[in-house]
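The values are calculated or read from the model by the stated rules, or taken from the named source; none is laboratory data. Since this is a predicted model, take the numbers as computed values, not measurements. FYI the Cβ positions are ideal-geometry reconstructions off the backbone, even for glycines, and counts take in every protein chain you see. Keep in mind that these areas ignore ligands, DNA and RNA; they rest on the heavy atoms of the full protein, side chains included. Shrake-Rupley method; radii C 1.70, N 1.55, O 1.52, S 1.80 Å.
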Amino acid sequence: MSLPDSRFSAGIFSLRIKQNKAMEQQTPVVYGIANCDTVKKARAWLAQRGLAHRFVDFKKTPPTPELLTVWMAQLDWDILLNRQGTTWRKLSPAQQAAVVDAKSAAALMLAQASVIKRPVIHWSGAWPAKPVFSVGFKPEQWPVPP
């Protein structure tokens, strides 16, 4: 028995990497905090329907300025800013009053990711022609597979 040609093996390996990357791009990414009740509900809802997703915990991997810029290009900063949460309520009135536009909101969200409404879901092309991002647990507004 002979071993397969190394070029053949390398080709198979390369194909598997491409397939994995394609699957990754099709898998929704859920951003939030692991012990947030709303995030738990959203992840459970997805799991109950057999919808695979990747989870990114703000506590371990805070959003980068680049990622926040992408979100804010698709969503109004007012939608991303959670004015109902504990983090917002713990801010001083002066800190709250200082959030008046996208720039000041982004600065606060980068400094304290917990003030971002959760979950932020990047549907990442999972179902084309549907919204790319959603915020909060509103499954009636979420794109679902056909």
Residue selected from segment 90-107 under the condition over 20 Å from the mean Cα position of the chain (by Cα) and closer than 24 Å to residue 121 by Cα, by the criterion surrounded by the most Cβ atoms within 10 Å (Cβ to Cβ): 99
Test: residue 50 is surrounded by 11 or more Cβ atoms within 10 Å (Cβ to Cβ), over 14 Å from the mean Cα position of the chain (by Cα) and at pLDDT below 95: no
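Residues are listed down the side, and each one gets a yes or a no for (1) at pLDDT below 95; (2) at positive phi:
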{"position": "72", "(1), (2)": "yes, no"}
{"position": "76", "(1), (2)": "yes, no"}
{"position": "94", "(1), (2)": "no, no"}
{"position": "116", "(1), (2)": "no, no"}
{"position": "125", "(1), (2)": "yes, yes"}
{"position": "141", "(1), (2)": "yes, no"}
Residue that is modelled with the highest pLDDT, among those in segment 127-138 that are within 18 Å of residue 54 (Cβ to Cβ) and open to solvent by less than 50 Å² (accessible area, probe 1.4 Å): 135
Options 56, 100: the member that is closer than 17 Å to residue 36 by Cα and of a type outside the set (D, E, K, R): 56
